[in-house]
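The values are calculated or read from the model by the stated rules, or taken from the named source; none is laboratory data. All values reported here derive from a predicted model rather than from experimental measurement. Positions of Cβ are generated from backbone atoms using ideal geometry, with glycine treated the same way; all protein chains shown enter the neighbour counts. Keep in mind that these areas ignore ligands, DNA and RNA; they rest on the heavy atoms of the full protein, side chains included. Shrake-Rupley method; radii C 1.70, N 1.55, O 1.52, S 1.80 Å.
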Amino acid sequence: MLFGTHTKVFIAVVEQGNIQEAASVLKISQSSVSYHLKELEKEVGFQLYDRSQKPNHLTEEGALLFRELRQEREHLARTLGKLRSGSSIRPTLRFGIVESLARNLGASVI
């Protein structure tokens, strides 16, 4: 899919509330979830979780990233839905003709 694995795992951890639940939902090990979180932190260049206290809490940067990613995921899902249904790429053609012409030629033109 268009969202990478690290991002999907991060979103799942935040939505599920902890690593254990996210691992269960994603059907991967807890160590794999931790790995993906650390890799995403390397990718973005900042800590997503404050690990100095238990349970871990999102940092301000992590919370902001989560909100943005969630919005982007929802926007992407809507866009893909439109594209799959073809509703966003089919142009609508509208035209008008004067009434006197419509009476004489309207039906044959359409």
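Some points to look at:
- Candidates 107, 102, filtered to the one that is over 19 Å from the mean Cα position of the chain (by Cα), surrounded by 10 or more Cβ atoms within 10 Å (Cβ to Cβ) and at pLDDT below 85: 102
- Boolean, residue 6 is closer than 17 Å to residue 73 by Cα and out of contact with any Cys (no Cβ under 9 Å at 6 or more places or on another chain): yes
- Qualifying residues in segment 49-94 (those that are outside any helix (DSSP H, G or I) and hydrophobic (A, V, I, L, M, F, W, C)) - the one farthest from residue 20 (Cα to Cα): 93
- Enumeration of residues in segment 68-93 that are among the aliphatic types (A, V, I, L, M) and open to solvent by less than 90 Å² (accessible area, probe 1.4 Å): 69, 76, 77, 80, 83
- Checking each residue of segment 27-48 against the condition of being of a type in the set (Val, Ile, Thr), open to solvent by 60 Å² or more (accessible area, probe 1.4 Å), at pLDDT 95 or above and part of a helix (DSSP H, G or I) gives no match.
- Residues in segment 49-67 that are open to solvent by 40 Å² or more (accessible area, probe 1.4 Å) and polar (S, T, N, Q): 52, 53, 56.
- If you go through segment 1-18 and keep only what is in contact (Cβ under 8 Å) with a residue 24 or more places away in the chain and open to solvent by less than 50 Å² (accessible area, probe 1.4 Å), you end up with 3, 6, 7, 9, 10, 11, 13, 14.
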